[in-house]
Amino acid sequence: MTALLRYHSALFLRSQRWLAPLLLYAALVAVGVRPGDPVPGSLGIAAAGLVPVSAWTVRIFLTQEPAAARAVVAAAAGRSRAHLAALLAGAGWAVLAGAAAACAVTATGGLAGTSGPAALLAGLLATTACALTGGAVGTLAARPFVRAPGWSVAALLLGSLAALVTTGSPAKHAVTALVADGGGARPPWAACAAALLLAAVTATASRRAGARLE
Amino acid sequence: MSTIVGARGPVRLAGVGRRYGARGPWVLRGVDLELPEGRLVRVTGANGTGKSTLLRLVAGVDAPAEGRITGRPRGTAYVPERFPPALPFTALGHLVHLGRLQGLTTAVARTRATRWLERLGAGGYAGTALSELSKGSAQKVAVAQALLAEPGLLVLDEAWTGLDEAARAELDRAVRERVAAGATVLFVDHDPRRLAGEADTVLRVADGGVGPGPREQGTVPARVGAKAVEPGPVRVGTKTPDPDPARGGAKPSASAPVRIVASGTRPLPGVLPGGAAGEALGDGGGTLFRVGGADSDALLRVLLDASWHVHRVEAETGPATGGGRG
């Protein structure tokens, strides 16, 4: 699995496909967060911005290989494992970017009444919840479910929006816990666990669907 | 480069069907097939009948929509007809990634990748970006990745296309090495002379099914003595002993004597399988071994283990001098 993660990540990094989603994320955080703002609310905004970014990143990981290269890798390492590794690597890079943003927001924001470590913990949990929910959206909006690029991007955008506003979405719960809470940053454990479950279910569905849909 | 693949069961396809998309037409359906180890299997059929689909299923590139495929060995490699150079790696960098995917360490992958690129005549392109390679050189990279980790199952979908003469011969040689080492090699090639007469089994893909193909004229296969076991409706054409005399295969060719021409510098064991003795041919033509068919596999393994180069494996045409019953 390490070799697969390394291969997918190398493809992502060397092809500069990482640049566009990272710029989008930087722009979202820069617009939504001002230095000196209360930390919990800023962490919530940074986490919310990660939903479309993570969805996009996961979609890139699923589609960045030419078909023949994917065939060669599938034979060498297993079709299903290669697919799972692409999902894991995509979500992993999104979590990494979100964690960096959470650290930066905590360091520059105003800690009115909350301790830094407690806020950071809550921020990292919300980041993970949003990255995994976004990753689930990206998984469902890409091959093997949606193959036409136009529909895929439309599904990606609408799905990300829905993940942020729909009641019951782990991303919405995680963000609400930070933004709505009047200063006290409660760590959104439940939302994080729910997002993990959601990501696992969509990943399994995506792996299974390949045999029937592609 | 000829590790003997450990004993394992055959790759088995049971009731396998494949269609593209949830409602697409079935390309293949109800395929029951057994591919034992140490077999060279040629897949024939007209364009668009599903040869590539069968190869992709066996290689594990595609999952069957119905049925099961079991017994695929840990080391499986696939060479597509066209390899995309649209990857942001150098030739060597890509091969190292693929080697690691097949369980090699980075150092071993690098060494073997360099060696295979040199064997295929692309040693000078190791540091070249894949996107700058010609079609033929990119195909050499695709072939090299498949041979790096000495796969137990090698699937070649017109892998020879685009290769130059020397590289095609080298791939032929690599295929023989893999088969002699106990690997299953499945291939499609539009050139009927490709490994002509060497395939142990010829399959024909037609009308959504897989059946026995035409028997190839020519030499007795390198792999003899292995029995084909094909349960189910699909009968697989094979050049090994056929239990059904009505199909014309009653002769026990497993013990028919075989001539093996090989050359090498390393010393061989004192006693060779089947009591074969080397006989030098003139003009640097190598060494001729005559051996009973039942021992030909063992002799080939000994030769390949000693890094000998096997030129030909053919049926004994004259009076038998080996231990065969002929």
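Hey, among A:A46, A:A75, which residue is over 30 Å from B:G99 (Cβ atoms) and in a helix (DSSP H, G or I)? Residue meeting the stated conditions: A:A46.
The sole residue among A:A190, A:A171, A:A180, A:A209 that is closer than 18 Å to A:V137 by Cβ, of a type outside the set (F, W, Y) and more than 14 Å from chain B (Cβ to nearest Cβ) is A:A171. Whether a residue is crowded, with 21+ Cβ neighbours inside 10 Å and at negative phi was assessed, and B:R56 passes this test. Among the numbered conditions (1) at the interface with chain A (Cβ under 9 Å from one of its Cβ atoms); (2) farther than 18 Å from B:A206 by Cα, the only one that B:Y20 does not meet is (2).
Determine whether A:L4 is within 14 Å of chain B (Cβ to nearest Cβ) and either closer than 25 Å to A:A102 by Cα or within 20 Å of the chain's Cα centre (by Cα) (or both). Spelling it out, A:L4 is indeed within 14 Å of chain B (Cβ to nearest Cβ) and either closer than 25 Å to A:A102 by Cα or within 20 Å of the chain's Cα centre (by Cα) (or both).
In the set (1) small (G, A, S); (2) touching a helix residue (DSSP H, G or I) at 6+ places or on another chain (Cβ under 9 Å); (3) under 20 Å from B:D297 (Cβ atoms), the condition left unmet by B:G197 is number (2). Within region A:7-43, being among the hydrophobic types (A, V, I, L, M, F, W, C), within 14 Å of chain B (Cβ to nearest Cβ), part of a helix (DSSP H, G or I) and surrounded by 15 or more Cβ atoms within 10 Å (Cβ to Cβ) holds for A:A10, A:L11, A:F12. In this structure, B:A144 qualifies as part of a helix (DSSP H, G or I), within 17 Å of the chain's Cα centre (by Cα) and modelled with pLDDT of 95 or more.
A:V175 meets all of the listed conditions (1) farther than 21 Å from A:V33 by Cα; (2) of a type outside the set (D, E); (3) crowded, with 24+ Cβ neighbours inside 10 Å; (4) touching a residue at least 60 places away in the same chain (Cβ under 8 Å) but one, namely (1).
Here is the figure for region B:57-104: residues that are closer than 16 Å to B:L156 by Cβ, within 7 Å of chain A (Cβ to nearest Cβ) and part of a helix (DSSP H, G or I) total 2.
Quick check: is even one residue across region A:38-57 among the aromatic types (F, W, Y) and under 21 Å from A:L164 (Cα atoms)? Scanning region A:38-57, I find at least one residue that is among the aromatic types (F, W, Y) and under 21 Å from A:L164 (Cα atoms), so the answer is yes. Scanning region A:49-72 for residues that are within 30 Å of B:L57 (Cβ to Cβ) and assigned to a helix (DSSP H, G or I) yields A:V58, A:R59, A:I60, A:F61, A:L62, A:T63, A:A67, A:A68, A:A69, A:R70, A:A71, A:V72. Among the conditions (1) part of a helix (DSSP H, G or I); (2) at pLDDT below 95; (3) of a type outside the set (V, I, T); (4) under 22 Å from the mean Cα position of the chain (by Cα), B:A109 misses just one, which is (2).
The values are calculated or read from the model by the stated rules, or taken from the named source; none is laboratory data. Note that the coordinates shown come from a computational prediction; the quantities given were computed from them, not determined experimentally. So basically every Cβ, Gly included, is an ideal-geometry build from the backbone, and we count neighbours across all protein chains shown.
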